[in-house]
Amino acid sequence: MTISEDTLTDSANDASLARSRARSAEIDAAIDADPTRFRVLTGDRPTGRLHLGHYFGTLKNRVTLQERGVDTWVLVADYQVITDRDGVGPIRERVLGLVADYLAVGLDPTRTTIFNHSAIPALNQLLLPFLSLVTEAELHRNPTVKSELEATHGRAMSGLMLTYPVHQAADILFCKANVVPVGQDQLPHLEQTRLIAQRFDKRYGRVHPDRPVFPRPDALLSATPLLLGTDGTKMSKSRGNTIELAMTADETARMIKKAKTDADRVITFDPDNRPEVSNLLLMASMATGELPETLAERIGDGGAGQLKALVIDALNEMLEPIRQRRSQLIDDEDHLLSVLREGNARATQQAETTLSEVREAMNMNY
Ligand code: TRP
């Protein structure tokens with residue numbers, strides 16, 4: 001690709017990001033006006049323990065949506081981990097651990113539907129008609145699929161990896177969610193989902209003349225700034241720079257004490273020039289609700305030592321009740337299973353209703 005084409009693509013992306021942001025703000029206002037018009041779906045791959053990035057980036061936001069009265073659906077994407085390169089690990093433990101995380105942070109299973117892929121046949125069946133609506137070239141163009149392919153250094157990619165954006169469309173459309181809280185990186189998946197909804201309507205038509213079988217879902221972009229790891233690079237489990245929700249207070253303190261800072265004793269919030277110090281301030285800010293600038297001023301020339309002490313206190317105070325709930329929950333497998341089974345029953349009913357509408361639209365209802 002030539003430079004000018006790159007630039008063109010970038011500015012097109014900027015424009016489309018600006019549009020997504022504006023639309024996202026509209027949705028947010030509409031939720032305030034009438035939360036009952038919305039159904040939200042989000043999900044996670046059960047790949048291991050959740051960390052602070054997940055908590056501030058998405059989990060907290062889901063709890064807020066639940067509290068605002070939105071019908072919230074949360075998927076444990078267990079069929080999405082089998083696309084991964086390095087195997088699924090102790091999958092059962094991870095699925096139940098994720099359910100424990102959800103409950104510990106405040107998702108309430110009587111209001112929020114918590115379910116998993118492998119338990120919902122009718123959801124997975126949507127993958128077949130949906131695959132008929134996308135081209136192979138489109139699948140190869142998906143940026144996440146492309147970067148996944150690059151990360152495997154030429155190792156063969158599974159068919160499920162190639163098609164997972166379509167499976168993800170089934171996750172969203174089976175329950176007719178009209179809002180999906182996402183990070184920027186997930187916007188192409190949502191666009192793919194909208195295309196599938198639209199193409200289904202065009203190819204197979206409607207069951208009710210006044211509305212398509214599938215609504216076109218909108219993105220709700222997270223307003224939370226991105227948190228970095230304790231070494232100032234992208235927070236990720238493989239880099240060992242995360243604070244996991246399941247860590248003890250001592251483990252959390254140890255991680256923060258190890259965190260990278262700089263030589264300037266005067267603490268200032270300056271993300272461009274002092275990413276590590278600013279990231280620590282951001283962590284404390286998110287945990288306490290105070291502005292990072294205010295916290296920096298309070299520390300003044302107290303140096304990295306005082307900054308770290310403040311971050312440790314802020315995080316541990318916020319995490320303590322979550323940890324307590326999590327450690328009780330994780331010992332009660334029966335309870336975790338019953339939460340999942342109840343959510344799966346609700347999701348199955350919804351998926352079967354949608355699938356019968358799909359069969360009717362496709363003239364395959366015998
Ligand atoms: N792809 C998401 C992740 O990696 C998980 C996911 C699966 C999801 N299905 C979804 C997210 C549907 C939003 C909507 O975390």
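The values are calculated or read from the model by the stated rules, or taken from the named source; none is laboratory data. Keep in mind that what you see is a predicted model, and the values were worked out from it rather than measured. Glycine gets a Cβ as well: all are built from the backbone with ideal geometry, and neighbour counts include every protein chain shown.
Remarks
- Scanning region 221-274 for residues that are at pLDDT 95 or above and not in a loop (DSSP other than H, G, I, E, B) returns ALA249, ASP250, GLU251, THR252, ALA253, ARG254, MET255, ILE256, LYS257.
- Hits in region 136-170 (condition: among the β-branched types (Val, Ile, Thr) and within 16 Å of the ligand (Cβ to nearest atom)): THR144, VAL145, THR163, VAL166
- Filter result (in contact (Cβ under 8 Å) with a residue 12 or more places away in the chain, surrounded by fewer than 21 Cβ atoms within 10 Å (Cβ to Cβ) and not hydrophobic (A, V, I, L, M, F, W, C)) within region 182-191: GLY183, GLN184, ASP185, GLN186, PRO188
- Across region 262-293, the qualifying residues are those that are of a type outside the set (D, E, K, R) and over 16 Å from LEU227 (Cβ atoms), and the one among them that is surrounded by the most Cβ atoms within 10 Å (Cβ to Cβ) is ILE267.
- Taken as a whole, the structure places THR72 among residues that are within 15 Å of the ligand (Cβ to nearest atom) and within 26 Å of LYS60 (Cα to Cα).
- Test: residue in region 143-150 that is surrounded by fewer than 19 Cβ atoms within 10 Å (Cβ to Cβ), closer than 23 Å to THR354 by Cβ and among the charged types (D, E, K, R): no
- When residues of region 171-194 are limited to those that are of a type in the set (Asp, Glu) and within 11 Å of the ligand (Cβ to nearest atom), the one farthest from the chain's Cα centre (by Cα): ASP171
- In region 77-130, the residues that are aliphatic (A, V, I, L, M) and in a loop (DSSP other than H, G, I, E, B): ALA77, ILE82, VAL88, LEU107, ILE120, LEU126
- Number of the condition not met by ILE82 [criteria: (1) surrounded by fewer than 19 Cβ atoms within 10 Å (Cβ to Cβ); (2) within 15 Å of the chain's Cα centre (by Cα); (3) under 26 Å from GLU333 (Cβ atoms); (4) within 13 Å of the ligand (Cβ to nearest atom)]: (2)
Residue-wise test of (1) closer than 16 Å to LEU41 by Cβ; (2) touching a strand residue (DSSP E or B) at 6+ places or on another chain (Cβ under 8 Å).
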position: LYS60; (1), (2): no, no
position: GLN66; (1), (2): yes, yes
position: VAL76; (1), (2): yes, yes
position: ASP84; (1), (2): no, no
position: ARG92; (1), (2): no, no
position: VAL95; (1), (2): no, yes
